[in-house]
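Inspection log for the structure reproduced underneath, given as structure tokens.
The values are calculated or read from the model by the stated rules, or taken from the named source; none is laboratory data. Computed from a predicted model, the values in this text were never measured in an experiment. Cβ atoms come from the backbone with ideal geometry, glycine included; neighbour counts cover every protein chain shown.
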Amino acid sequence: MRLGRPSLVLALVVPTVTGCGLLEGGSTVDDAFEALPADAVTVSFVDRGAMAERLDVEGTDPREVSDADVDDYGRLFQDEESAVAATALDPYLRDMKDAPINAFDVEWEARVFWGAGDSAAGATVWKVGDDLDFEALAADLEGKGYGASSAGDLTVYSIDAAESDEITATVGGTYPAPLMLNVLLDEDEEVVAAGTTPEALEDLAAVIADDSDSLADAGSMDDLLETAEDDPELAWMTTAEASVCIGSGPGFPEELADQYDGLGVPEARALFVAGDDADVLLALQFASADAAEDDLEEREALIEDGLDLRSQRPFDDLGDFSVDQDGEFVLIEEDFDGGARQATVAESASSGPGVCLAEDAG
């Protein structure tokens, strides 16, 4: 049973770099698209600046407060409204409290996976504020044993996983491993990125330098993004077949099979959290409007009379869900009793009202 979407790191996103800077576009998620590879298949995006403003901690500097206060700030980003830890760096706020970079330096984060098979790669891109001291960060990385290599006009700093501390899972007691074993610095664009390999960051550097096409150029996720009514504070988008739907192999609850078999198989999906009330929208994109209409009927029946795949509880017990169709999209407004956090956890666990079964399931 292929349950769970490990690439949905919401902590669960996401268009050409023209030399004018990454903040010359529209919304922050549009800006993020400009820094991501054209063949991206999964993107998770967090507008941490907007989230910090909503939680009234904008401008907080962990380096100037006690460890206890840092922990309190960290917990703010893990409440029901903020979904989950705001960025990949937030769980390490205590370790990185006095480092040249930590979660509070991040304006937005985009985690991206691209390619397939042996060419598959991933990276996390952080847009940081202009107060970040890139020279200090480079010196600190080198001081902790990172080696420097060139990626075009930019520099990648790398260290072997064996050099990290097995107990703290950090490099030098500061940088989280394996997240930050390979780090790219771009002071001009105020971007820090971490990649699965140095080669992945070389690919990313080419996109940032406008030597390779970006996700904005490709436009492959534009239709998904346009379903969001407001600029998302958090988004997760995928066109990857393995992440769009789950499979019903061993372990699938057979007693629920008849409730899920009639659902359609979308080609892409996205989850958005936006607005002061952290409203949640799930978008399922089908091959045609007819396919979306067929799914709409089955999904309405599932929500009205069926059981959630994970909890096996009636959907009425989990919250309120509204389903609508817009062309090839089925749109689900999700109001879980546990707020946006429950919605993102359900999505990452392949649960909730948006579940679908892959065509090869069985």
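Looking only at the range 1-59, filter to residues that are acidic (Asp, Glu) and either touching a Ser or Thr at 6+ places or on another chain (Cβ under 9 Å) or in a loop (DSSP other than H, G, I, E, B) (or both); which one of those is modelled with the lowest pLDDT?
Going through the qualifying residues, I end up with 24.
From the list 296, 309, 302, exactly one residue is modelled with pLDDT under 95, surrounded by 18 or more Cβ atoms within 10 Å (Cβ to Cβ) and not in a strand (DSSP E or B). Which is it?
Testing whether each residue is modelled with pLDDT under 95, surrounded by 18 or more Cβ atoms within 10 Å (Cβ to Cβ) and not in a strand (DSSP E or B) leaves just 309.
Out of everything in the range 60-89 that is closer than 25 Å to residue 125 by Cβ and hydroxyl-bearing (Ser, Thr, Tyr), what residue ends up being modelled with the highest pLDDT?
If we take residues in the range 60-89 being closer than 25 Å to residue 125 by Cβ and hydroxyl-bearing (Ser, Thr, Tyr), then 87 is modelled with the highest pLDDT.
What tally of residues in the range 214-227 results from selecting those that are part of a loop (DSSP other than H, G, I, E, B) and over 17 Å from residue 110 (Cα atoms)?
Counting residues in the range 214-227 that are part of a loop (DSSP other than H, G, I, E, B) and over 17 Å from residue 110 (Cα atoms) gives 1.
With respect to residue 203, determine if the residue is closer than 30 Å to residue 266 by Cα, outside the structural domain of residue 114 (by TED's automatic domain parsing) and charged (D, E, K, R).
no
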